[in-house]
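*Asks:* Sharing a structure with you now.
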Amino acid sequence: MFAMRAKDLYDVNDLCHEEVMEIFEESKEIKKAYLRGEKIFSLKDKTVCNLFVEPSTRTKNSFELAEKYLSMNVLNFNTSSSAFSKKETLKDTILTMKSMKIDLFVVRHKEPGTPAFIRKYSDASIINAGDGLHAHPTQAILDAFTMYENFNSFKGLKVSIIGDFYHSRVVRSNIKLLNMLGADVAICSPTTLSPREIRTLPIKYTHDLKEAIKDADVVMGLRMQLERQSQGLFPSLKEYNKYFGIKEDMFETLANKDAILMHPGPINRGVELSGDIADKPYSKILDQVQNGVITRIALIKHLLGGDSL
Amino acid sequence: MIKLIKNANIISHSTNGVYDVLIEDDKISKIDKNIDVDADEIIIAEGKTLIPGLIDMHVHFRQPGFDHRETLETGSLAALHGGVTTVGMMPNTKPALDNSIMIEYMQNKSKELDLINILPIGAITKGREGKELAGMRGMTDKGAIAFSDDGAPVYDPNIMYRAAQYSLMTKRPLINHAEVPELAKGNMREGETSCKIGVYGIPEIAESIMVARDIEISKYTGAHVHIAHVSTSQTVDLLKYSKMQNLKVTSEVTHNHLLLNEEACESYSTDTKINPPLPDKKSQKALIEAIRDNTINMIVSDHAPYAKYEKEVEFETAPTGISGVETLLSGIIKLSKEQKIELKDLIEKVTYNPANIFRLENIGDIKEGKSFDEIVEEISKVEKSKVLFSIPTLKFLKAGGRIGKVSGTIGEILNIKPVITCNFDGIYETVSKSRGMKKAIKSMFDKAMEFVNGDEVHSLAVYHSGDEPETLKLVEGLKKNLGDLMNKSLHFFEGKISPTMIVHTGNGLIGMAVIKK
């Protein structure tokens, strides 16, 4: 019996529980080496194409750093510098890239389902770096790894995610991964920003912020975008902050003693996070950024089969 | 010209059972048991089913303006291929069918082609812009059979109200594409699947709100309003209400909305992106019930073809619509079997009912005096044939998305060669799995013999792709095994499959087909 390894990562459920734990253990080792400044050379003959059809700074930088740490040949394909503006279809772009012999596509696209679309035209490995509202598996992995570093276990871990669920691929992937790992997930979002079928999901749902934060081990805020106001989804950022902004006193009095604060970034101070809460010692937002690079290194190695350290 | 059809099993509104049909100068002159005359042509329809030519009142034939998607000719041929002999053609061409000259042009084109009846549906408003009424009386005089801005709703309630009043002078129905645009900004039905796969959803109320408005307008003006492609359970409820009130409201549903639901979108296949979107399971069930109890009067295809490259894009980028005129008949046969609905009731919804609602004389029924454009549908023949094939690598089927990723990968590791059949609905099914190509061919032979089951064989075919010696050797082996059957069958074919197919299968495919007598 041999373990099947995933080749692609469209969403977190392409990995089994054991694989996720393997990636976490590997990440711990990589983190030590990374902080010592050591590089890995085992994937130096592989070429990765970062296909970013939707603007992204931090995810793209994080992937690029991870790929360079693995000594890979890195090809960046951005919307601004590509033929996309001249209306080349994605199919033709993939066929063009394929003829350059790409081993791995890292793809970000505003369209859900893009990774599966690429699969039709290429045999390379594919990592989903965010597809529309659908999934953002590498964010979920780095989030869960950050929780694992802090709590060492997911059993009974209470994770409350607060903010715009409807437009969040981060939430969708997080729910799947955290359920797989055994955590209890609660979502707190305005009714206009919750999917209509939210009651059918394996989560607790509330629109009472205090109820969500009470006894939580992890409180995760989500970015609120101003444009939602003009879509009739909420009245004002001020009212949003009043009822859904995570505040220091609330966090410190209601959440569990060792609770941590997380946020996928970029943060809006004064909107989803009040005051200086992002600068408090229990805020792990910058750890998440670092863990993003670490877990992406571990993940690429896992998918492309690089040697161990 | 005298034509005689012998012993056909007739399914239609007026005639049902096994009869002979006599056709003189394209008119049905006699239907009886054992007609004995000297005919120019005699069709022995023993064991076959005879139905009226289908009437599909909702197709988009794209010409003029979008000839790369479909022309009147390709559309007509597709219709004929699916047993459809009359279509209602929607006016969203470029320019739109919004004046009598365009209607006349369509009529002439249709006559020139002489393939099927193309009945033009004129626009309700000029340029389908929803602002000013189009010349509906003039268009009626030239042969427009109904009016619609299809593809776009008549948004302004005042214009819809005035159009309804005006249409009373034409005695022709208004067909509205009911959809509130502000609510219809998504790419599939809002529901569990849209939430799961992260696609913006369209709530069901986008349709029912406007249907409610149009029913009110019909009630107030007395105009005949026909609701196009019903897709939600709320709309079905509204139609029940209008029926109770005896209003002049009729409706249609597409076979796709009866056979598929939102779960089909999970693969992000752009073929599942249609407008109105595929229903959730609850609404799908309501639509089927509405067909069963006649709340919805007819079934259409909403045939809306695109060029292949236009659909080979991301899901949200893709245009809405799929072709359907060829699958309408097979769709209702499938529906009849799956949902246990009398085939006669469904046939009426694509023949007699549309003829009745749109006042199309002489068609849609098998009855003395009606014109003859019936098709002899070989419903039973399909079940008498079997296609089987096996391929050495699943790589190409996998890349084409024709089989699941996982089953493909595991299969390859274990050297598993499947024997695949293409079922009645065009879906690939694995009938057996063997290790190695040789065993797969043996299994294919066994399956074919199992299917023949001692019956007489009409035709037999063996085909392959590529020229590798290994393949040819296996083909020879298969033919040797089939020797007995080859001698007994009326026809035997052998050949290589077309290069287009090889793209999907790769080289080394070996397959066979059997048609029983």
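The values are calculated or read from the model by the stated rules, or taken from the named source; none is laboratory data. A quick note: this is a predicted structure, and the numbers were derived from the prediction, not measured. Heads up, the Cβs are rebuilt from the backbone with ideal geometry, glycines too, and the neighbour counts pull from every protein chain shown.
*Asks:* Answer yes or no: is there a residue in the range A:203-226 that is touching a residue at least 40 places away in the same chain (Cβ under 8 Å) and closer than 30 Å to A:Asn73 by Cα.
*Replies:* No, the conditions are met nowhere in the range A:203-226.
*Asks:* Being at pLDDT 90 or above, more than 14 Å from chain B (Cβ to nearest Cβ) and in contact with a Cys (Cβ under 9 Å, 6 or more places away or on another chain) is true for just one of A:Val106, A:Val48, A:Val20. Which residue is that?
*Replies:* So the residue among A:Val106, A:Val48, A:Val20 that is at pLDDT 90 or above, more than 14 Å from chain B (Cβ to nearest Cβ) and in contact with a Cys (Cβ under 9 Å, 6 or more places away or on another chain) is A:Val106.
*Asks:* Given the structure, is B:Asp302 modelled with pLDDT under 95 and either assigned by TED's automatic domain parsing to the domain that holds B:Cys265 or not β-branched (Val, Ile, Thr) (or both)?
*Replies:* Considered against the rule, which asks whether it is modelled with pLDDT under 95 and either assigned by TED's automatic domain parsing to the domain that holds B:Cys265 or not β-branched (Val, Ile, Thr) (or both), B:Asp302 comes out as no.
*Asks:* Same structure again: Testing B:Phe315 on (1) within 13 Å of chain A (Cβ to nearest Cβ); (2) closer than 17 Å to B:His60 by Cβ, one condition comes back false. Which one is that?
*Replies:* (2)
*Asks:* If B:Ser330 satisfies all but one of (1) modelled with pLDDT of 95 or more; (2) more than 30 Å from B:Cys195 (Cα to Cα); (3) not in a loop (DSSP other than H, G, I, E, B), what's the number of the condition it fails?
*Replies:* Of the numbered conditions (1) modelled with pLDDT of 95 or more; (2) more than 30 Å from B:Cys195 (Cα to Cα); (3) not in a loop (DSSP other than H, G, I, E, B), the odd one out for B:Ser330 is (1).
*Asks:* Right, another one. Just the residues that are touching a Phe, Trp or Tyr at 6+ places or on another chain (Cβ under 9 Å) and either among the charged types (D, E, K, R) or more than 8 Å from chain B (Cβ to nearest Cβ) (or both), please, taken from the range A:109-129.
*Replies:* Hits for the range A:109-129 are A:Glu111, A:Pro115, A:Ile118, A:Arg119, A:Ser122, A:Ala124, A:Ser125, A:Ile126, A:Ile127, A:Asn128, A:Ala129.
*Asks:* Which strands (runs of 3 or more DSSP E) sit wholly inside the range A:63-175 and have at least 1 residues that are over 21 Å from A:Glu22 (Cα atoms), touching a residue at least 24 places away in the same chain (Cβ under 8 Å) and of a type in the set (A, V, I, L, M, F, W, C)?
*Replies:* A:73-78, A:104-109, A:158-162
*Asks:* Return yes when B:Gly75 is under 23 Å from the mean Cα position of the chain (by Cα) and either in a helix (DSSP H, G or I) or free of Cβ contacts under 8 Å to residues at least 40 places away in the same chain (or both) and no when it is not.
*Replies:* Judged against the criteria, B:Gly75 is a match.
*Asks:* Oh, and also: Could we say that B:Ile42 is touching a strand residue (DSSP E or B) at 6+ places or on another chain (Cβ under 7 Å), part of a strand (DSSP E or B), over 27 Å from B:Asp141 (Cα atoms) and not small (Gly, Ala, Ser) here?
*Replies:* It is true that B:Ile42 is touching a strand residue (DSSP E or B) at 6+ places or on another chain (Cβ under 7 Å), part of a strand (DSSP E or B), over 27 Å from B:Asp141 (Cα atoms) and not small (Gly, Ala, Ser).
*Asks:* Among the numbered conditions (1) out of contact with any helix residue (DSSP H, G or I) (no Cβ under 9 Å at 6 or more places or on another chain); (2) surrounded by 23 or more Cβ atoms within 10 Å (Cβ to Cβ), tell me where B:His60 comes up short.
*Replies:* B:His60 satisfies all of (1) out of contact with any helix residue (DSSP H, G or I) (no Cβ under 9 Å at 6 or more places or on another chain); (2) surrounded by 23 or more Cβ atoms within 10 Å (Cβ to Cβ) except (1).
Yes/no matrix, rows are residues, columns are (1) away from chain B (no Cβ under 14 Å); (2) under 23 Å from the mean Cα position of the chain (by Cα); (3) farther than 19 Å from A:Phe145 by Cβ:
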position: A:Val159; (1), (2), (3): yes, yes, no
position: A:Ile175; (1), (2), (3): no, yes, no
position: A:Met180; (1), (2), (3): yes, yes, no
position: A:Ala186; (1), (2), (3): yes, yes, yes
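*Asks:* Across the range B:206-228, what is the total count of residues that are closer than 26 Å to B:Gly191 by Cα and either of a type in the set (Lys, Arg) or without any contact (Cβ under 8 Å) to a residue 12 or more places away in the chain (or both)?
*Replies:* Residues in the range B:206-228 being closer than 26 Å to B:Gly191 by Cα and either of a type in the set (Lys, Arg) or without any contact (Cβ under 8 Å) to a residue 12 or more places away in the chain (or both): 1 in total.
*Asks:* For the range B:14-39: of the residues being part of a strand (DSSP E or B) and of a type in the set (D, E, K, R), which is nearest to B:Met298 (Cα to Cα)?
*Replies:* For the range B:14-39, the residue satisfying everything is B:Lys27.
*Asks:* Hey, among the residues in the range A:270-307 that are without any contact (Cβ under 8 Å) to a residue 12 or more places away in the chain and more than 17 Å from the chain's Cα centre (by Cα), which one's farthest from A:Ala216 (Cα to Cα)?
*Replies:* Per the stated criteria, the residue is A:Asp279.
*Asks:* Which residue is surrounded by the most Cβ atoms within 10 Å (Cβ to Cβ), if the candidates are limited to the range B:80-91 and must be under 21 Å from B:Ala307 (Cβ atoms) and at pLDDT below 95?
*Replies:* The extreme case among them is B:Gly82.
*Asks:* Go over the candidates B:Lys196, B:Lys171 one by one and state the one that is within 13 Å of another protein chain (Cβ to nearest Cβ) and at pLDDT below 95.
*Replies:* B:Lys196
*Asks:* So, in the range B:467-517, of the ones that are in a loop (DSSP other than H, G, I, E, B) and within 18 Å of B:Val419 (Cβ to Cβ), which residue ends up modelled with the lowest pLDDT?
*Replies:* Only one residue fits best here, namely B:Gly506.
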